[in-house]
Amino acid sequence: MKHTMLHGRKSWSIEESLQVATDRPNPIVTFAPVWTQGKKWFPRPGDRHALLLFKRVMPKKVSFKRAYSGWRASGAHEEAELGEGRAFLRWLQKHELSIDWCERDFEPHPYFAHPEAPRHDPEDEMAQGLSFAVRPVHVKGRNVKLYVRDDDMLGLLNLPYGEETDFLELVMSYVAQRFQWEAWRAPAPSFLDWVVSQAKRPVFDLGQLGFRSICDGPGLRTS
């Protein structure tokens, strides 16, 4: 059963702008500082727009430093209105650009670097376009590999309330219920909607969740 539920040396330190949370990986990615306009900037586009930046592919690519510097040099006029991530993405769209990512440009949250973190199967069509993989679970005699939709994952990471429950426990309960819905041929809610309906708030542990950014794709430069 497979359901859509839903790197090289670095010249900077993640400790410069990241405080590691104990129960949820926020932010998902931290970006390298950029010197431009006589100032050291710490890009913080936010998780949602970071994922969109990674997935944006256009014929014309420029380095992250050049793109971010160009946006700042342009005045970043929409930042106050739209926020940094959305304004930067709109600038890239306006100029029909995407980013030629380099390994030193960003650092995924240490949570995703755990050796037991699940990896995406490149041959699994259910994994296409999805950034998050869940550690396989065994439910009712069946091994289940799952992926979480990006929007659902962001929602899970930012739930403001609910009874705190281990993430994998929620996954297994949802899968068991999903088997029942399938037997009834009944429509199934998304994982996020189900968690909210149960008044739960997931607590994450190392090795439960894997993240695939552009660093797992072909052509990432090391310098």
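The values are calculated or read from the model by the stated rules, or taken from the named source; none is laboratory data. The model shown is predicted, which means the values in this text are computed figures rather than measured ones. So basically every Cβ, Gly included, is an ideal-geometry build from the backbone, and we count neighbours across all protein chains shown. What goes into the accessible areas is simple: the full protein's heavy atoms, side chains included, and nothing from ligands, DNA or RNA. Shrake-Rupley method; radii C 1.70, N 1.55, O 1.52, S 1.80 Å.
Filtered by the rule that a residue be closer than 13 Å to SER213 by Cα and not in a loop (DSSP other than H, G, I, E, B), region 42-71 gives ASP47, ARG48, HIS49, ALA50, LEU51, LEU52, LEU53, PHE54, LYS55.
Given the criteria outside any loop (DSSP other than H, G, I, E, B) and more than 20 Å from LYS55 (Cβ to Cβ), does TYR174 qualify? Yes; evaluated as a whole, the condition is true for this residue. Residues in region 128-164 that are over 10 Å from the mean Cα position of the chain (by Cα), open to solvent by 10 Å² or more (accessible area, probe 1.4 Å) and over 18 Å from GLN198 (Cβ atoms): GLN128, GLY129, ARG135, PRO136, HIS138, LYS140, GLY141, ARG142, ASN143, LYS145.
Within region 99-158, track down each residue that is among the hydroxyl-bearing types (Ser, Thr, Tyr) and part of a loop (DSSP other than H, G, I, E, B). Before the answer, list the steps.
Applying the first criterion (among the hydroxyl-bearing types (Ser, Thr, Tyr)) to region 99-158 yields 111, 131, 147.
Correct list: SER131 only.
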